[in-house]
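Below is one structure, written out as structure tokens, with a few remarks after it.
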């Protein structure tokens with residue numbers, strides 16, 4: 001059954017956009033998560049036994065190691081992956097049953113460092129370290145993607161997005177640091 005096919009007698013779908021820095025989980029058959037990705041990565045997790053699923057959307061994999069005082073925040077995959085797994089467990093999923101889909105990780109801007117590649121490598125590594133089965137991925141390249149995910153059934157629809165509709169990469173701004181007579185920004 002495709003995502004386009006309405007289920008007879010089922011309640012209407014509640015479409016929820018998963019924004020950068022979010023992780024959401026649900027067991028409701030009337031919920032569909034949706035997001036648009038450029039260099040960002042979305043992880044769709046699903047437990048087929050408990051029929052619980054969830055999606056996250058992260059902008060960067062990990063905070064830079066060489067910047068003192070950097071805090072983990074909601075834009076980093078290292079935070080959002082753990083958050084998604086914990087939300088799934090809180091909804092009754094079992095970690096041993098989790099299946100994963102990964103999407104995004106494109107390098108949409110040729111003039112920037114390969115953020116998409118780094119995000120994709122991080123997401124694959126996280127799943128491997130945590131023993132979560134990766135059943136499908138569509139990552140890399142230069143095209144943005146739109147992902148629709150039904151968490152209770154694990155169904156996914158993936159579409160390529162024209163470049164002009166792709167979300168811009170917006171790295172988290174760093175605060176200005178004052179040192180002596182010169183202000184760095």
*What distance in nm separates the simple spin-label points at residue 49 and residue 159, each placed 7 Å from Cα in the Cβ direction?*
3.6 nm
*Sorted by packing (mean other beta-carbon atoms within 10 Å per residue), highest first, where do 97-107, 39-49, 147-157 land?*
39-49, 97-107, 147-157
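None of the figures in this text is laboratory data; all of them are computed from the coordinates on show. Not measured: the values here are computed from a predicted model. Neighbour counts are summed over all protein chains in view; Cβ atoms, including those assigned to glycine, are modelled from backbone coordinates with ideal geometry.
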